[in-house]
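Presented below is the structure to which this report refers.
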Amino acid sequence: MLHQRDALQVLDRDFFEIRSKILEIAAALDRIDRAPVHHGEHPDPRLGHIRQALETLLTPGPDRAETVQLIFSLEYDAAWRRNLGVVQPDRS
């Protein structure tokens, strides 16, 4: 049977990596906020996805990774092949 680490052991192992990633995200958001914005342009929806994902991280629970993945994912489109021009190979 595998030994499962407790929360403190996980934090001891991962703290510096988590801190580094948070600092990297903060720096990227600072660069976005400092960059000039073209007048009249609508905000990029990707920034909204980033903000939504960050809010998700603040909510306790075990399924945050799945929720964040879904925020950045496209909804399934049954006609994706046709819409993207994917030609199915001839299997005859």
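The values are calculated or read from the model by the stated rules, or taken from the named source; none is laboratory data. Note that this is a predicted model, so its numbers are computed, not measured. FYI the Cβ positions are ideal-geometry reconstructions off the backbone, even for glycines, and counts take in every protein chain you see. For the accessible areas, the whole protein counts, side chains as well, though only heavy atoms, and no ligand, DNA or RNA atoms are used. Shrake-Rupley method; radii C 1.70, N 1.55, O 1.52, S 1.80 Å.
Brief remarks on what is shown
- Any hit, the stretch 53-74, residues being farther than 30 Å from Val10 by Cβ and either free of Cβ contacts under 8 Å to residues at least 24 places away in the same chain or polar (S, T, N, Q) (or both): yes
- Hits in the stretch 19-56 - residues which are open to solvent by less than 90 Å² (accessible area, probe 1.4 Å) and of a type in the set (A, V, I, L, M, F, W, C): Ile25, Ala26, Ala27, Ala28, Leu29, Ile32, Ala35, Leu47, Ile50, Ala53, Leu54
- Residue pairs whose Cβ atoms lie under 8 Å apart, sitting 6 or more positions apart in sequence or on different chains, and linking a residue in the stretch 12-40 that is in a helix (DSSP H, G or I) to a partner that is of a type outside the set (Lys, Arg), are Ile25/Leu54; Leu29/Ile50; Ile32/Leu47.
- Test: residue in the stretch 66-78 that is open to solvent by 90 Å² or more (accessible area, probe 1.4 Å), part of a helix (DSSP H, G or I) and acidic (Asp, Glu): yes
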